[in-house]
Each structure stands twice: as structure tokens, then as C-alpha cells.
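The values are calculated or read from the model by the stated rules, or taken from the named source; none is laboratory data. The structure presented is a predicted model; accordingly, all values stated were derived computationally and were not measured. Note: ideal-geometry Cβ built from the backbone for every residue, glycine included; neighbour counts use all protein chains shown. Heavy atoms of the whole protein, side chains included, go into the accessibility calculation; ligands, DNA and RNA do not. Shrake-Rupley method; radii C 1.70, N 1.55, O 1.52, S 1.80 Å.
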Amino acid sequence: MMEGVRLINLPKIIDPRGNLSFFENENQIPFKIKRSYWIYDVPGGQVRGGHAFKESQEFIIALSGSFDVVLHNGVSEKRINLNRSYYGLYVPKLLWRSLENFSTNALALIVSSVAYSPSDYIRDFKDFKTIKNANK
Ligand code: TYD
């Protein structure tokens with residue numbers, strides 16, 4: 001895909017009583033989990049994100065419903081639709097990303113490799129391009 005971005009399939013324990021999936025710290029996903037947060041009750045047409053992270057790596061799962069993860073590496077854009085709870089998208093640091101096109105009742109779980117820190121955010125696309133080029 002794009003610069004280390006990949007879909008990661010999670011274990012799926014199929015059971016007539018209801019299926020079960022999971023991930024553990026440093027298993028299934030390629031970083032140590034420092035933080036989890038989730039986005040929900042998104043009104044139709046709203047967009048979340050729209051920034052990049054200097055250090056944070058993320059793993060994003062559609063626990064319920066569906067949405068698109070839109071990634072930009074400064075040159076090109078890639079849109080990935082997530083709609084199952086047994087796989088997720090690994091997003092390395094230094095990619096511009098937004099979450100869009102949320103279905104009704106969509107629930108986006110995001111796990112991050114860093115604690116919340118406003119200074120990890122790059123909120124200006126021009127700054128992002130500059131930092132991206134400097135990191136080449
Ligand atoms: P933010 O990541 O800026 O959301 P978006 O990129 O969709 O606009 O987060 C929105 C607010 O939530 C911001 O004021 C900071 C707060 N927040 C935390 O306190 N902890 C967190 O882990 C996250 C992700 C956000």
C-alpha cells in the first residue's frame with residue numbers, strides 16, 4: 001500500500017454464541033500500546049482527524065459500522081474503507097490522515113503508540129509536507 005500502511009487481520013474465534021476477536025500489546029500490532037480512544041455518535045457527513053502525527057503510530061478498527069480512512073503522504077492520497085471488527089489498519093507516523101464517510105452507529109477504535117500530546121500533532125498540511133520532505 002503506502003509507506004508501511006497495511007491491513008492487519010486479527011484472530012477470529014467463531015462461535016455459535018457470537019464471535020470474538022482480540023489483540024494484545026505487541027502481538028498482532030507492531031507497536032506497544034500506550035493509549036486507546038474511540039470515535040462515535042458522528043453526525044452524517046462529518047470528518048474527524050485531518051492532521052498527521054510526528055511520532056504516533058496507530059491501529060484503527062471499525063468495531064461497528066463503517067468509515068473511510070483517507071491517507072496522504074504529501075504526494076498522493078489513498079482511501080481505505082473499514083467495515084469489519086476482525087481487521088484493522090496500521091498507520092505509521094508521518095502520514096496525513098482523516099476519518100470520513102461514517103455510517104450510522106459507526107464506532108472507530110484507535111490505539112496509539114504514544115500518550116496524548118498536542119505537540120505530536122501536525123495540523124497544517126503545508127507544515128506536514130515540509131516535515132515529510134525533511135524526513136526523506
Ligand atoms: P483530536 O485528535 O484533535 O480530534 P480530531 O483530529 O478529530 O479533530 O481530538 C479532539 C479533542 O480531544 C482535542 O481537544 C484533544 C482531545 N483528546 C484527548 O484529550 N485525548 C486523546 O487521546 C485524543 C485523541 C483527543
Does Arg48 satisfy the criteria of being near the ligand (Cβ under 10 Å from one of its atoms) and within 16 Å of Asp124 (Cα to Cα)? yes
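Does region 35-69 hold any residues that are in a loop (DSSP other than H, G, I, E, B) and not hydrophobic (A, V, I, L, M, F, W, C), and which are they? Even if it seems obvious, please write down each step before you answer.
From region 35-69, those in a loop (DSSP other than H, G, I, E, B) are 40-47, 54-57, 65-66; that's our starting set.
Once the filter is applied, which keeps residues that are in a loop (DSSP other than H, G, I, E, B) and not hydrophobic (A, V, I, L, M, F, W, C), region 35-69 yields Tyr40, Asp41, Pro43, Gly44, Gly45, Gln46, Lys54, Glu55, Ser56, Gln57, Gly65, Ser66.
Residue under question is Glu77, and the condition is that it be under 18 Å from Leu109 (Cβ atoms) and of a type in the set (Asp, Glu); does it hold?
Numbers: under 18 Å from Leu109 (Cβ atoms): no; of a type in the set (Asp, Glu): yes.
Spelling it out, it is not the case that Glu77 is under 18 Å from Leu109 (Cβ atoms) and of a type in the set (Asp, Glu).
Is there a residue being away from the ligand (no atom under 15 Å from the Cβ), in a strand (DSSP E or B), without any contact (Cβ under 8 Å) to a residue 12 or more places away in the chain and open to solvent by 80 Å² or more (accessible area, probe 1.4 Å) anywhere in region 8-29? Walk me through it before giving the result.
Filtering region 8-29 for residues away from the ligand (no atom under 15 Å from the Cβ) gives 8-29.
Imposing the further condition that a residue be in a strand (DSSP E or B) reduces the set to 8-9, 12-13, 20-21.
Now drop any that are not without any contact (Cβ under 8 Å) to a residue 12 or more places away in the chain, which leaves 13, 20.
Next cut, open to solvent by 80 Å² or more (accessible area, probe 1.4 Å) only: 13, 20.
Yes - at least one qualifying residue is present in region 8-29.
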Residues of region 81-105 being in a strand (DSSP E or B), more than 16 Å from the ligand (Cβ to nearest atom) and open to solvent by 10 Å² or more (accessible area, probe 1.4 Å), which ones? Asn81, Tyr87, Tyr90
